[in-house]
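See below for the structure under consideration.
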Amino acid sequence: MPGANRSDMEERQLLNHTADKEQRPLPGRSNHAGNLCPSEKKLQEAICVLLVELCERFTFFGIVCNMILFCTVKLGYRNYQAAIVNMCFVGTSMLTPVLVGWLAECLVGRVKLVCICMFLHFLGTALLPVVAFPFEDIYIDRRHILHTLTKREQKIVFYFALLTASLGIGGIRAIVCPLSAYNLEDCGPKELLSFFNWFYWLINLNSAVVFVSISYIQQSVARNLGFLIPFVSVLMAMITIHMVRGEMIYKPKTDSSLLTTFGVIASALKTCCVRYRYFSGGMRNWMDHAKENYGGQYSETQVESTKSLARLFPLFAFQILYRACIMQIPSGYYLQTMNSNLHFSGFVLPVAAMNVISIVPLLILVPILECINSYLFSSKNAGHSPTIYIVVGQLSAALSVMAAGFSEIHRKHFPQVEQTLSEEVLLVSSMPCFHLAPQYILLGVAEALVTPSCSLLSFWLVPERIRGISMHFLTLFNGAGCFMGAFFVQTAHAGTQGNWFPHLLHEGKLERFFFFLASLMMVNTLGFWTIAHRYNDLNQEYTKEFRGCLPEEKLLKHERAITHYDGVLERSPILSPMEKT
């Protein structure tokens, strides 16, 4: 049967091609560490990537931690403007890794692009001290300061520095520190959840150090020199990358891209609209219109992968409003703390140091959650899904914003006192800032429950070939949440003529903004709770449906079945020689 032999030969060639593609050395990797065993090389790479990640986060939090104070006191911005600038910078820093990742795949080489991004990051963090000039504590003599800039020049340099720094952040996160660099392909749900828990635990520990040290330097000791610290930190990241050279430039194994995913969706929509009037619904899913078998432009593997990713879009969409609530820490909560009494035993606390209160619950809860997860995943229900964590975390975020509204009402009952921040005298409430601790704690609990769980579902519930794309989409929706928070602030200020997000908090109704956001978050939590059952079973529903439907994986299973059957025929004493032939 020549047809059958030709078919078997094609299947074997496809299997060999797939195996060769997986085993082929990645471009851009040098062999200068070839004397090390594979386990030592993986450990060295993981440590180096983690160091660069921590250095990058150090610079990021160093820029964010006191941006509102700098914008209001130094640049003369109003409160809502400073909050919008801060949230837009955070959102841009989340979106740029997706853009840079696409550029690295399609247009520019990874090594060249990472060098460009490192230069942009260096340039941005180096320009921030220029905005902070004059250095009040550095004089040429007793009469003349070293340097000065006009307000307009300061704003231009400030925005340019933020833009270049965010582009540099995108390059570091997308090229140098992708999740693929941690070799998570062979991990199960339990190991993945443990990795994400401890990964975010380390990042938040790093941010706690930044919020305490850098915020105090910027605010109290030498507030302008504090902007030099991100500059020094990015030098550390550059040195780390130089030490390992090509080993840091990781090229993930992927056969898909964002353009392919968007192309599948666009092609399916276009074909669906054109043929809806003429054909009855004989397809199980509308995305099947994009398959080549149905007149589309994409293979079955690409369409099935996109279908598995599309099932996660509701999960992503419900993270937008949650991220807008989380963004109240560097915006609304920060303004509340700045307008509260920061004196504690004769010491003026940095405003951003209150963020540590939101980090402490995460640092405490992660070891506890690890014990709970070990029990749940070791029980009979090995397919335990962390959707309950997401529901409880989003509920905690809603309660946090609601508590912020009540705290704002409570804060106004205290008499006003004068308080000096960055050599500026402000009129603030005499309420101790620690009265705001409950709202910070609730948001910290929310982050400990939601972020690792969403990362696990986004990474595990799709085929391996598009896991990077899935994490990109989660990042896109998180960035959209930051811009949604900025949109809420702008709308609340414009729609109420500054009453819901005032410049002077004691003259406005900031609590109404918090209550409005809390009500939206409660609806968002209920909405996610109604669809959470779709992601409950990590083993049966998604693993079989998503991974078992791809042609290459079907072919591998078919090959194993043929080999097993041939072995049975050779060993079977029941069949006669005539039956074997």
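The values are calculated or read from the model by the stated rules, or taken from the named source; none is laboratory data. From a predicted model like this one, the values you see are computed outputs, not experimental measurements. Cβ atoms come from the backbone with ideal geometry, glycine included; neighbour counts cover every protein chain shown. Ligands, DNA and RNA are excluded from the accessible area calculation, which covers all protein heavy atoms including side chains. Shrake-Rupley method; radii C 1.70, N 1.55, O 1.52, S 1.80 Å.
Okay, here's what the table says:
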| read-out | value |
| --- | --- |
| Pair LEU269, ILE409: separation of 7 Å Cα→Cβ label points (nm) | 4.4 nm |
| Residue-by-residue Karplus 3J(HN,Hα) for region 359-375, coefficients 6.51, -1.76, 1.60, Hz, glycine and proline x | 8, 4, x, 5, 5, 7, 6, 4, x, 5, 5, 4, 5, 5, 5, 4, 5 |
| Tail fraction, Cα-Cα pairs, region 306-440, threshold 23 Å, whole percent | 50 percent |
| SER430-SER374 FRET efficiency (beta carbon distance; Förster radius 41 Å; 0.05 resolution) | 0.30 |
| 5 angstrom amide H check on ASN341, placed H, neighbours 5+ away | MET431, CYS433 |
| Whether region 402-528 is rounded, prolate or oblate, judged on the alpha carbon gyration tensor where a/c under 1.5 counts as rounded | prolate |
| J(HN,Hα) series, region 92-107, from Karplus relation 6.51 cos²θ - 1.76 cosθ + 1.60, nearest Hz, glycine and proline x | 5, 5, 7, 7, 4, x, 5, 5, 5, x, 5, 4, 5, 7, 10, 10 |
| For region 422-540, accessible area per residue (1.4 Å probe, heavy atoms of protein chains only), Å² | 38 Å² |
| Solvent-accessible area, 1.4 Å probe, carbon plus sulfur percent, for region 472-519 | 62 percent |
| Residues with amide H under 5 Å from that of LEU421, placed H, sequence gap 5 or more | LEU426 |
